[in-house]
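Read the structure below first, then the notes.
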Amino acid sequence: MTAAPVGFQCPECVSEGERTVRQPTTVLGGQLRERGDDLVTKILIGLNVGIWLIGMVAGFGGIAARFALLSGNLGGQPVGVADGEWYRLLTAAFVHEQPWHLALNMYALWILGRMLEPVLGRWRFVTLYLLSGLGGAAASLLAPGVISYGASGAVFGLMGALFVVLRRFGRDVTAVLVILAINVVFGFVVPGIDWRAHFGGLITGAVLAF
């Protein structure tokens, strides 16, 4: 028996009552939790940091060669995605080499994730993140033969989604636009940055959020 405010209830009655009670949700459909929700954000950061630590031990060259985004022909033979290694479209978003690259992406993920995950809910947030990463990878393939990796495409997707969410609530989006502009310029000025992945992730995240 289960204790109730008055007397006791059988477990079957409690289960039946729980099925008829609607779970509280946020205005965007995420499950409402007492202390917010950033579990998925923490897991994604942990995965990225963990893979980077593995790269430190096993060698970044081997990790990048196996999981980075690559598609094209080498000596007349297809390589990477062109050779059927479609998993690279997703795994590339979890590969980093330089510590500053990892730190910048994870800091952005931490800030954006703590803002978006509580209102979107866990499943919508992780779907947004992964599909934004895929959108960035798809845009990156417009330059065949280039090796690309990093969570930047997914992070830009979160920025695009945040812009749409803030507009949905009627909030000021000036700060988001300034940050986006700085990152866009940074992507063109600094050599070695795949700006196509940034734009692909940004557009994908904004469309999904909309």
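The values are calculated or read from the model by the stated rules, or taken from the named source; none is laboratory data. What you see is a predicted model, and the numbers here were worked out from it, not measured in a lab. Every residue, glycine as well, gets a Cβ built from its backbone with ideal geometry; the counts of neighbours run over all protein chains shown. Each accessible area value is taken on the protein alone, full model and side chains, heavy atoms only, with ligands, DNA and RNA left out. Shrake-Rupley method; radii C 1.70, N 1.55, O 1.52, S 1.80 Å.
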- [ ] Would you be able to say whether some residue in the stretch 70-82 is assigned to a loop (DSSP other than H, G, I, E, B) and touching a strand residue (DSSP E or B) at 6+ places or on another chain (Cβ under 7 Å)?
- [x] yes
Task: Sole exception among (1) assigned to a helix (DSSP H, G or I); (2) in contact with a helix residue (DSSP H, G or I) (Cβ under 6 Å, 6 or more places away or on another chain); (3) open to solvent by 30 Å² or more (accessible area, probe 1.4 Å) for residue 187, by number - done: (3)
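Give me the residue from the stretch 111-120 that is more than 21 Å from residue 90 (Cβ to Cβ) and out of contact with any Leu (no Cβ under 6 Å at 6 or more places or on another chain) and, out of that set, most open to solvent (accessible area, probe 1.4 Å). Steps first, answer last, please.
Residues of the stretch 111-120 that are more than 21 Å from residue 90 (Cβ to Cβ), as a first pass: 111, 114-115, 118-119.
Remaining after also requiring out of contact with any Leu (no Cβ under 6 Å at 6 or more places or on another chain): 111, 114-115, 118.
Working: 111: 71, 114: 128, 115: 94, 118: 38 Å².
Step by step, filter the stretch 111-120, then rank; the result is 114.
Quick grid of which residues meet (1) under 14 Å from residue 204 (Cα atoms); (2) acidic (Asp, Glu); (3) surrounded by fewer than 16 Cβ atoms within 10 Å (Cβ to Cβ):
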{"site": "99", "(1), (2), (3)": "no, no, yes"}
{"site": "122", "(1), (2), (3)": "no, no, no"}
{"site": "131", "(1), (2), (3)": "yes, no, no"}
{"site": "136", "(1), (2), (3)": "yes, no, no"}
{"site": "142", "(1), (2), (3)": "no, no, yes"}
{"site": "162", "(1), (2), (3)": "yes, no, no"}
{"site": "170", "(1), (2), (3)": "no, no, yes"}
Task: Members of the stretch 121-161 that are β-branched (Val, Ile, Thr) and closer than 20 Å to residue 101 by Cβ - done: 146, 147, 155
Open item on the list: Considering only residues that are buried (at least 19 other Cβ atoms within 10 Å of the Cβ) and over 20 Å from residue 208 (Cβ atoms), which ones fall in the stretch 101-110?
Closed with: 102, 106
- [ ] May I ask you to list the residues in the stretch 43-69 that are of a type outside the set (Phe, Trp, Tyr), in contact (Cβ under 8 Å) with a residue 40 or more places away in the chain and outside any strand (DSSP E or B)?
- [x] 44, 45, 47, 48, 49, 51, 55, 64, 68
